[in-house]
1. What is the distance, in nm, between label points placed 7 Å from the Cα along the Cα-to-Cβ direction at LEU174 and at GLN112?
2. Looking at (i) 53, 19, 15; (ii) 39, 21, 18; (iii) 26, 18, 14, which value of semi-axes √(5λ) of the Cα gyration tensor in Å comes from a calculation on the structure shown?
3. Just going by the charge dipole of segment 1-122, with Lys and Arg at +1 and Asp and Glu at -1 on Cβ, which of SER23, SER64, GLY122 is farthest out on the positive end?
4. Given an 8 Å cut-off on Cα distances and at least 6 residues of separation, report the relative contact order of the chain as a percent.
5. As an exercise, identify the GluC sites (Glu not before Pro) in segment 85-154 lying in DSSP coil whose Cβ has no more than 11 other Cβ atoms within 10 Å.
6. How many angstrom lie between the C-alpha centres of segment 104-169 and segment 18-51?
7. May I ask you to give the solvent-accessible area per residue for segment 45-110, in square angstrom, as obtained with a 1.4 angstrom probe?
8. Could you look at the chain and say what percent of its accessible area is carbon and sulfur, using a 1.4 Å probe and all protein chains?
Amino acid sequence: MDNKSLEMLEFPKIKEMLAGFTSFSASRDLALNLQPQADFEEVRLLLRQSAEARHLLSQQPEFSIGEISDIRQAVKMAARGKILEPETLLQIQHTLAAVRQLRRNLGQQREQFPQLWGIARGIVELHQVEKSIASCLAPTGELMDSASPHLAMVRQQLRQKRQQLIERLEGIILSLIH
């Protein structure tokens, strides 16, 4: 369908209205980039998926995709070898955990919601990435000693030197008092 016809049908306004119902930036982008479908079977599939999603939300109003962040930009940066901030890595970890939980929840209901499971089944769980981030970063974003053996050794040496310095300062103070 040409752009003029889409404008006459106010398709851009419909996409904006649909995007207004989204709560996640990636979903908003999907809504805004929708194009009319000419493939009858594809349209039927999308309608069945939508009907199942509405049914799921009517049965479980609290159902959610969880606490996820839009990590697309961070993933692109990481793919180019860029260094990510700890806060960004924590967002990635939380998003991976939420997506894993979403997949698990839909998997437990696959008979009732086969169309939604058809989507969720394609979600790749990245346990190792999730675990790697968790083993290196505390929930506060602080780099943990377990991030690398060298870091653990350096921090241990710093603690020892600090303790030695405190002991020397205490010795100096005690010698001045006596």
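The values are calculated or read from the model by the stated rules, or taken from the named source; none is laboratory data. What you see is a predicted model, and the numbers here were worked out from it, not measured in a lab. When we count neighbours, we look across all protein chains shown, and the Cβ atoms used for this are built from the backbone with ideal geometry, even at glycine. Keep in mind that these areas ignore ligands, DNA and RNA; they rest on the heavy atoms of the full protein, side chains included. Shrake-Rupley method; radii C 1.70, N 1.55, O 1.52, S 1.80 Å.
1. Placing both labels 7 Å beyond Cα along the Cβ direction yields 6.9 nm.
2. (i)
3. Result: GLY122, furthest along the dipole toward the positive end.
4. 14
5. GLU111, GLU142
6. So the separation of the two Cα centres works out to 34 Å.
7. 66
8. That fraction is 59 percent.
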